[in-house]
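Read the structure below first, then the notes.
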Amino acid sequence: TYLNGFQIQLHNQPLVTGLSNLTIIQGNNTTLAPTITGTPAPTFRWQTNGVDITGETNASLTLNNVQYAQNGYVYSLVSSNQAGAVTNSMTLTVIVTPSITGLNNQTASIGDNVSISPTVGGVPTPTLRWRRGGTDLSNGATGNGSTISGSATSTLSITTAQTADSGTYSLIASNSAGVVTNSMTLTVSSSPVAPGITGPTDQTVVEGSNATFAASISGLPAPTLRWLESGVEIPGE
């Protein structure tokens with residue numbers, strides 16, 4: 001008696017689940033780790049915007065230090081075996097925590113018009129609100145002879161500033177990536193105010209590159225300025 005036989009092995013085309021659109025804050029890391037099934041075990045290729053990512057042939061993909069430049073990128077996993085090949089994709093959305101720069105101390109005379117105008121960044125565009133001494137500001141007359149406008153914008157204007165307008169002004173910027181607060185001091189005075197300097201800060205640059213030192217200067221009347229290098233005045237600066 002002779003007996004011969006064979007075994008039927010069912011091949012299943014790969015199936016990928018769990019690869020969904022993702023929103024991440026700039027600078028963070030994330031791992032794309034979908035669930036994959038298929039017989040025999042599939043092989044993998046990851047792509048960015050339709051182009052293979054060199055060396056990425058595992059079932060998961062780690063993205064380190066994600067930057068806003070990657071916003072809108074489409075990441076795809078191509079999974080294949082003897083039964084066929086499938087491609088699953090997701091879109092990466094990158095949001096950016098708000099930033100506030102250029103909010104410097106100021107000095108003004110009574111009756112001056114004051115503009116406080118820092119640079120604000122962030123994605124999506126942050127919502128803004130100004131505070132003085134911890135209290136939210138509102139547009140309109142202050143009751144002390146001055147008028148405020150721009151309390152929900154990046155530029156706060158004080159018309160006909162008075163001594164009572166002196167204080168610490170804070171700008172709060174918020175979006176879905178986070179909240180940041182930056183502050184400055186406004187001094188409104190009818191008498192001279194001694195100069196004040198905030199900054200500059202130490203810098204490290206690559207040889208041959210440019211460096212700019214910036215400081216916040218206050219004082220009434222507006223101070224004259226001189227820069228020194230190692231204690232020696234720099235002509236014309």
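The values are calculated or read from the model by the stated rules, or taken from the named source; none is laboratory data. All figures in this text were calculated on a predicted structure; none of them were measured in a lab. Here the Cβ positions follow ideal geometry from the backbone for every residue, glycine too, while neighbour counts run over all protein chains shown. For accessibility, only protein heavy atoms count, side chains too; no ligands or nucleic acids. Shrake-Rupley method; radii C 1.70, N 1.55, O 1.52, S 1.80 Å.
In segment 198-209, the condition of being closer than 14 Å to Leu103 by Cα and at pLDDT 95 or above is met by no residue. May I ask you to verify whether Gly199 is more than 17 Å from Gly167 (Cα to Cα) and surrounded by 10 or more Cβ atoms within 10 Å (Cβ to Cβ)? Considered against the rule, which asks whether it is more than 17 Å from Gly167 (Cα to Cα) and surrounded by 10 or more Cβ atoms within 10 Å (Cβ to Cβ), Gly199 comes out as yes. When restricted to residues that are outside any strand (DSSP E or B) and among the hydroxyl-bearing types (Ser, Thr, Tyr), segment 154-200 contains 8.
The one condition from (1) surrounded by 15 or more Cβ atoms within 10 Å (Cβ to Cβ); (2) over 21 Å from Pro98 (Cβ atoms) that Asn182 does not meet is (2). No other residue among Gly122, Gly111 is of a type outside the set (Ser, Thr, Tyr), under 30 Å from Leu220 (Cβ atoms) and open to solvent by less than 50 Å² (accessible area, probe 1.4 Å) apart from Gly111.
Every condition in (1) surrounded by 13 or more Cβ atoms within 10 Å (Cβ to Cβ); (2) in a loop (DSSP other than H, G, I, E, B) is met by Leu15 except one, and the failing one is (2). For segment 77-87, the count of residues that are without any contact (Cβ under 8 Å) to a residue 60 or more places away in the chain, open to solvent by less than 50 Å² (accessible area, probe 1.4 Å) and in contact with a strand residue (DSSP E or B) (Cβ under 9 Å, 6 or more places away or on another chain) is nonzero.
I'd like the full set of residues that are among the hydrophobic types (A, V, I, L, M, F, W, C) and either touching a helix residue (DSSP H, G or I) at 6+ places or on another chain (Cβ under 6 Å) or assigned to a loop (DSSP other than H, G, I, E, B) (or both), limited to segment 201-236. Let's see the steps before the verdict.
Start the filter on segment 201-236 by keeping residues that are among the hydrophobic types (A, V, I, L, M, F, W, C), which leaves 205-206, 211, 213-215, 217, 220, 222, 225, 227-228, 232, 234.
Result: Val205, Val206, Ala211, Phe213, Ala214, Ala215, Ala222, Leu225, Trp227, Ile234.
Counting only residues that are of a type outside the set (Asp, Glu), open to solvent by less than 20 Å² (accessible area, probe 1.4 Å) and farther than 27 Å from Gln26 by Cα, segment 128-166 holds 7 of them. Inside segment 28-70, residues that are open to solvent by 60 Å² or more (accessible area, probe 1.4 Å) and assigned to a loop (DSSP other than H, G, I, E, B) make up a count of 12.
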